[in-house]
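Written below as structure tokens is the structure these notes are about.
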Amino acid sequence: MKRLLPLFAVFFMLCGCSVELPGEVSSDTAPQSGQASCTVTIECKTVLDNLDMLDPDKKDIIPPDGIILPECEAAIEEGDTVFDLLADITRKKGIHMEFNSTPAYDSKYIEGIANLYAFDCGELSGWMFSVNGEFPTVGANAVKLNDGDKVRVLYSCELGQDIGNIYGEE
């Protein structure tokens, strides 16, 4: 089995699919004195109102309060994106994250966090994010962060309408 592990890794790299494997879990995400930082939280509260739509195999993984990662402060470097922050914080906190990368479009799509995936709670469900209360219309790897930004990563069951992102409305 150990000989097959490198083959699986190559397969996932060639397919443009990546799985964040838990590395060394660290609770230290706080910035050093004078270092740029932002706050981040990961929530799936909308699932609690839509348990009837949730994949039955996923009911046991939903936190009772819908909070996967309570708001915390995290250090950022110049040029870091929302995706960089999310990949770093989930790795350091030991939270599973899976994404799909499409190099031709320089795009990364968050498929699942904490084993909760797009479409697990209906055909319009999936992960979205906001920065300072605004929902960007581009992927997480295209949004650069600034010192003091507030990032919320939210699971929606209704294409964003249940989390305040009214897609397509100005």
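Restricting to the stretch 101-154, give me the number of residues that are touching a residue at least 60 places away in the same chain (Cβ under 8 Å), in contact with a His (Cβ under 8 Å, 6 or more places away or on another chain) and assigned to a loop (DSSP other than H, G, I, E, B).
Step one: of the stretch 101-154, the residues touching a residue at least 60 places away in the same chain (Cβ under 8 Å) are 101-103, 113-114, 116, 120-122, 125, 141-154.
Still in the list and also in contact with a His (Cβ under 8 Å, 6 or more places away or on another chain): 113-114.
Pick out the ones that are also assigned to a loop (DSSP other than H, G, I, E, B) and you get 114.
Number of matching residues: 1.
Is at least one residue of the stretch 88-100 open to solvent by 10 Å² or more (accessible area, probe 1.4 Å), under 17 Å from N50 (Cβ atoms), assigned to a loop (DSSP other than H, G, I, E, B) and modelled with pLDDT of 95 or more?
No, the stretch 88-100 contains no residue that is open to solvent by 10 Å² or more (accessible area, probe 1.4 Å), under 17 Å from N50 (Cβ atoms), assigned to a loop (DSSP other than H, G, I, E, B) and modelled with pLDDT of 95 or more.
With respect to E71, is the statement that it is part of a strand (DSSP E or B), charged (D, E, K, R) and open to solvent by less than 40 Å² (accessible area, probe 1.4 Å) true?
Values: part of a strand (DSSP E or B): yes; charged (D, E, K, R): yes; open to solvent by less than 40 Å² (accessible area, probe 1.4 Å): no.
Here the answer is no, as E71 does not meet what is asked.
Cβ contacts < 8 Å: first residue of a type in the set (K, R), restricted to the stretch 68-86; second residue at pLDDT 95 or above, any location; separation 6+ or different chain. Result?
Qualifying pairs under 8 Å: none.
Give the number of residues within the stretch 127-162 that are of a type in the set (V, I, T) and open to solvent by less than 30 Å² (accessible area, probe 1.4 Å). Spell out how you get there, then give the answer.
To start, the set of residues in the stretch 127-162 that are of a type in the set (V, I, T) comprises 131, 137-138, 143, 151, 153.
Checking the rest, the ones that are also open to solvent by less than 30 Å² (accessible area, probe 1.4 Å) come to 131, 143, 151, 153.
Qualifying residue count for the region: 4.
Can you pull out every residue in the stretch 102-123 that is closer than 21 Å to L51 by Cβ and open to solvent by 90 Å² or more (accessible area, probe 1.4 Å)?
Correct list: F119, E123.
The values are calculated or read from the model by the stated rules, or taken from the named source; none is laboratory data. Small disclaimer: the values here were computed from a predicted structure and weren't measured. Positions of Cβ are backbone-derived with ideal geometry, glycine not excepted, and every protein chain shown enters the neighbour counts. Each accessible area value is taken on the protein alone, full model and side chains, heavy atoms only, with ligands, DNA and RNA left out. Shrake-Rupley method; radii C 1.70, N 1.55, O 1.52, S 1.80 Å.
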